[in-house]
Amino acid sequence: MLASALFGGLAAGAVWCLLSLATDYDTTFLIVPLAIALAIFLRWQGFGGRGGGVCAAAATLLTFVYAQYLFAAVRIAQMLGFPLRSTLFKMDFALGVQVIRANLSAWDIGLLVLACVVATWLTVRQPRGLDEKRTHN
């Protein structure tokens with residue numbers, strides 16, 4: 001379950017960053033559909049219930065943190081004129097955190113909270129028809 005959450009979160013963060021690089025628009029809202037996709041993925045893997053809900057929220061948080069780190073690397077690379085790959089490997093962690101903090105807004109945090117709640121709810125809730133099957137048996 002933890003490996004699915006870890007790799008799913010990292011993959012979703014990379015996808016979010018790639019989609020953001022392809023457009024000039026604010027893509028902060030993408031955290032919600034990515035969280036839904038992570039919850040569906042974890043349910044498909046068979047990880048429902050409370051443990052699945054915790055992993056869905058953790059994967060969503062990881063998606064957000066990893067994407068913000070990638071966004072910080074892109075901003076630094078653009079400002080300094082360095083290639084993105086070398087910036088990713090040479091960027092100081094403290095500098096990355098400062099760039100992330102400077103670019104976060106209440107909108108970003110609000111959407112992150114919404115995405116975590118939605119992912120958790122989708123993972124914890126019972127699938128439709130399950131209660132009906134239990135009462136008929």
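Computed from the coordinates by the stated procedures, all read-outs in this text should not be read as laboratory data. Keep in mind that what you see is a predicted model, and the values were worked out from it rather than measured. No Cβ is skipped: glycine too gets one built from the backbone with ideal geometry, and neighbour counts run over all protein chains shown.
For the options 112, 21, 122, a Gaussian network treatment of the chain with springs between C-alpha atoms closer than 10 Å singles out 21 as fluctuating the most. Largest mean-square fluctuation among 64, 82, 29, in a Gaussian network model of the chain whose springs join Cα atoms under 10 Å apart, belongs to 82. Per residue, the average separation of C-alpha pairs within less than 8 Å and at least 6 apart gives the chain a relative contact order of 37 percent. Working note: 222 nm ellipticity from helices only, DSSP H runs with n ≥ 4, each -39,500 (n - 2.57), summed and divided by the residues of the chain, gives -26500 deg cm²/dmol to the nearest 500.
Over all other residues within a Cβ to Cβ distance under 11 Å of residue 123, the charged ones net out to +3, with Lys and Arg as +1 and Asp and Glu as -1. With springs only between Cα atoms under 10 Å apart, run a GNM on the chain and tell me which of 70, 38, 114 wobbles the most. Comparing 70, 38, 114 in the GNM, the peak value goes to 114. Here the dipole of the chain is about 360 debye; that uses its Cα centre as origin and unit charges on the Cβ of Lys and Arg (positive) and Asp and Glu (negative).
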